[in-house]
Amino acid sequence: MQALRTYFAGIDAGSTYTKGALVDDRGALVETTVDMTGINIVTATKKAYAQLLEKAGVSEGQVAYVIGTGYGRYRITFGNTQVTEISCHAKGAHALFPGTRTVLDMGGQDTKAIRVNDRGEVVDFCMNDKCAAGTGRFIEGSARVLGLSLKQVGTLSMNSSNPVKVSSTCAVFAETETQEQLAWGNKLEDVLYGIHVSIATRSIGLLRRVGIDPEITFTGGVSQNPGMIRCLEEQLGQKLNTSPLTNFCGALGAALFAREKYENTTGTGRSAA
Ligand SMILES: Nc1ncnc2c1ncn2[C@@H]1O[C@H](COP(=O)(O)OP(=O)(O)OP(=O)(O)O)[C@@H](O)[C@H]1O
Ligand SMILES: [Mg+2]
């Protein structure tokens, strides 16, 4: 009879979305999952874990170690331990793009700039000060007042040739300003792109504080927004590493830490294939 494979899970309980990642005993990514966190983090994390296993066709008994990360990591009731999202994003980004030296994680509530070494370990980091102005929430608020989806906001902003200057430094005021800009006759795509420029400028300020060494990997939910990728690349004058998987860097990093911790504990250390 063939022995069942062993897996390792990472659950990233973010302020906005809860993400899950499953890796196998060689550290290869097997499955991911994402859903809104909502008002109950405990429920969201349990649901994410169940969905992850179901999608992968893996039983709970096959998962040897689970690590929680993100804003709600201490609310994960089934995990073995927790690791900060800074370390997890660094590790996940390095796993996807081994040349990564700088990580920009733009989430719903926080934006973090992280400098990493050639092993994907954190050397320095810096984050925004709990203000939504430089984060995904700023985009979410603008999408809401304009009745657009997140996908539409990013995509429409790509058509801009003359971004409107957003002067509000507060996300709440920016929502009102967005409507005013439109009332003054500015084009929707220019107002939307102006919002992206404002967020990108703040993020680049964070990146400068840790140092901008190539390659830069853009992680978090906002890395799925083509308008923000364009805006950051224009302002930085260099390409960013992104992919559909960069949304899962925190969860992937946590799953890879889970594998390492398990192997260190059991002495089963083997190198990644
Ligand atoms: N498919 C998508 N297209 C465009 N933008 C998206 C998409 N999915 C998520 N986002 C953006 O990503 C943000 C959420 O990112 P993420 O899931 O990384 O946040 P989080 O981890 O919950 O938050 P935090 O790390 O700040 O606690 C949203 O506010 C939204 O702006
Ligand atoms: Mg996050």
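Values in this text are rule-based calculations from the coordinates and carry no lab data. Predicted model only: the values in this text are computed from it and were never measured. All Cβ positions, even for glycine, are placed from backbone atoms using ideal geometry, and neighbour counts span all protein chains on display.
Looking at segment 85-130, the trypsin sites (Lys or Arg not before Pro) that sit in a DSSP loop and have at most 11 other Cβ atoms within 10 Å of their own Cβ are 119, 130.
Need one number: the % of Cα-Cα pairs in segment 185-258 sitting beyond the 20 Å mark.
Of all Cα-Cα distances in segment 185-258, 37 percent exceed 20 Å.
Among beta bridges from DSSP that stay inside segment 100-240, the antiparallel ones total about 70%.
When only the Cβ of Lys, Arg, Asp and Glu is charged (+1, +1, -1, -1), the dipole of segment 144-266 relative to its Cα centre reaches about 100 debye. Among the lysines of the chain, pairs at least eight places apart or on separate chains and with Cα atoms under 17 Å apart come to 10. The fewest-to-most ranking of 30, 42 by surrounding Cβ atoms within 10 Å reads 42, 30.
Once you divide the Cα radius of gyration of segment 100-240 by 2.2 N^0.38 Å, the number left is 1.02.
Tell me, 53, 22 in order of fewest to most beta-carbon neighbours within 10 Å?
53, 22
Using the Kirkwood radius over Cα pairs, work out the Stokes-Einstein diffusion coefficient for the chain at 10 °C and 1.306 mPa s, in µm²/s as a whole number. The Stokes-Einstein estimate is 84 µm²/s. Its DSSP H runs of at least 4 residues, each contributing -39,500 (n - 2.57), put the calculated 222 nm mean residue ellipticity of the chain at -13000 deg cm²/dmol, to the nearest 500. Considering only 228, 56, 128, the residue lying farthest towards the positive end of the dipole of the chain is 56, judged by Cα position with unit charges set on Cβ. Between helix 136-146 and the chain there is an angle of about 50 degrees, using the helix long axis and the longest principal axis of the Cα atoms. Under the convention that each Lys and Arg Cβ holds +1 and each Asp and Glu Cβ holds -1, the size of the dipole of segment 88-224 around its Cα centre is about 140 debye.
For residue 124, the amide hydrogen comes within under 5 Å of the amide hydrogens of 115, counting only partners 5 or more places away or on other chains and with H modelled in the peptide plane. Sorting 218, 78 by the number of Cβ atoms found within 10 Å of their own Cβ, with the fewest placed first, yields 78, 218.
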